[in-house]
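Report on one structure; see the data block that follows.
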Amino acid sequence: MSFVLAALLDLLCPPHCPACHVLMPAPTGLCPACSFSLYPLGNACPVCARPEDVPTPSVCARCRRVPPPFASVSAPFRYGGELATAIKRFKFGGGRGRGRPELARPLAALLCDELGRAARGVDLIVPVPLSRQRLRARGFSQAHRLAQALVASQKKPELALHALARIVDTREQARLSRAERQENVAHAFAVTRAGRTLVAQRRILLVDDVVTTGATVASCARTLLAAGAYRVDVLALARAEN
């Protein structure tokens, strides 16, 4: 997005805090009051980013026992507080089950520093897709909008919005157990015809809003690697303590 277009958008739709809706001078994350509830990830497993209250980060027992297909997960915050409120408003706050796509810009602002670290050496950014049914209900894909907002002001890495498709309309993950989540998304994704050439021998950064058990991003990563991707890393706005 160009500077002129961004300025015009701010003029027509003044930016608000994505959590409490207070007017803000620019779409740069949460307002000062809501920012107090941001909980940095802190020490975490260097593979799955599962938060761990230990003095020195180390690979968690789960990743040692069953190494995930992705190389690493990066997330700046733990899921909770007003960030959780903002993410829920982003996905469901538009009424009738629809989301609020305009909240992608302020939320993406919270990811910019993490993107700078996670995207080193990355060739391609791929968002986690929604099914067609969920896309119709929500009106947009939150991961697609986050990825677009993240790369709006830079040319690299390349953004491949439609390299990956969700081919099964899976159940909502929120109320499922870890095992149920893994089964729910096990065969839910496919690399598209256009994506086959894009992902081959490329290092990919997979983008999503929240990583909980890692089942969804693991299924995406497994699918991308099977299609010839060299390596898959994950970037999310928040990591849940699961």
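Leu150 contributes an accessible area of around 10 Å² to the protein surface, as traced by a 1.4 Å probe with all chains present.
Accessible area per residue, 1.4 Å probe, Å², for region 50-134: what's the number?
Value returned for region 50-134: 49 Å² of accessible area per residue.
By a 1.4 Å probe calculation restricted to protein chains, Tyr39 has an accessible surface near 120 Å², given to the nearest 10. The accessible surface of the chain, taken with every protein chain in place and a 1.4 Å probe, is 55 percent carbon and sulfur. Along its first, second and third principal axes, ordered by size, region 105-158 spans 34, 23, 16 Å in Cα coordinates. When the Cα positions of Gly94, Leu23, Ile125 are compared along the charge dipole of region 1-152, Gly94 comes out farthest toward the positive end, with charges on each C-beta of Lys, Arg, Asp and Glu.
Near Leu164, the amide H atoms lying under 5 Å from its own belong to Thr192; only residues 5 or more places off or on other chains count, and H is placed 1.01 Å from N. In terms of Cα atoms, the Rg and Dmax of region 16-70 work out to 16.8, 48 Å.
Add +1 for every Lys or Arg and -1 for every Asp or Glu among the other residues with Cβ under 12 Å from the Cβ of Val73, and state the total.
On the way: positive: Arg50, Arg239; negative: Glu114, Asp208, Asp233.
With Lys, Arg at +1 and Asp, Glu at -1, the net is -1.
The charge dipole of the chain, taken about its Cα centre with unit charges on the Cβ of Lys, Arg, Asp and Glu (plus for the first two, minus for the last two), comes to roughly 720 debye.
Report the rotationally averaged projected area of the chain based on its alpha-carbon convex hull, in square nanometres. It would help to have the intermediate numbers written out before the result.
Values: hull surface 52.2 nm².
Answer in nm², one decimal: 13.1.
Taking a ≥ b ≥ c as the square roots of the eigenvalues of the Cα gyration tensor of region 65-174, is the shape rounded (a/c under 1.5), prolate (a/b larger than b/c) or oblate? Rounded, since a/c falls under 1.5.
A cut-off of 5 Å between modelled amide H atoms, ignoring neighbours fewer than 5 places along the same chain, links Glu241 with Tyr79.
With a cut-off of 15 Å, note down the residues of region 195-215 whose backbone N falls inside the zone around a label point 7 Å from the Cα of Asp169 toward its beta carbon. Under 15 Å, as judged by backbone N against the label point of Asp169, lies no residue of region 195-215.
The values are calculated or read from the model by the stated rules, or taken from the named source; none is laboratory data. These numbers come from a predicted model, not from an experiment. Quick reminder, even Gly has a Cβ in these numbers, built from the backbone with ideal geometry, and neighbours come from all protein chains shown. The area values use the complete protein model at the heavy-atom level, side chains included, leaving out ligands, DNA and RNA. Shrake-Rupley method; radii C 1.70, N 1.55, O 1.52, S 1.80 Å.
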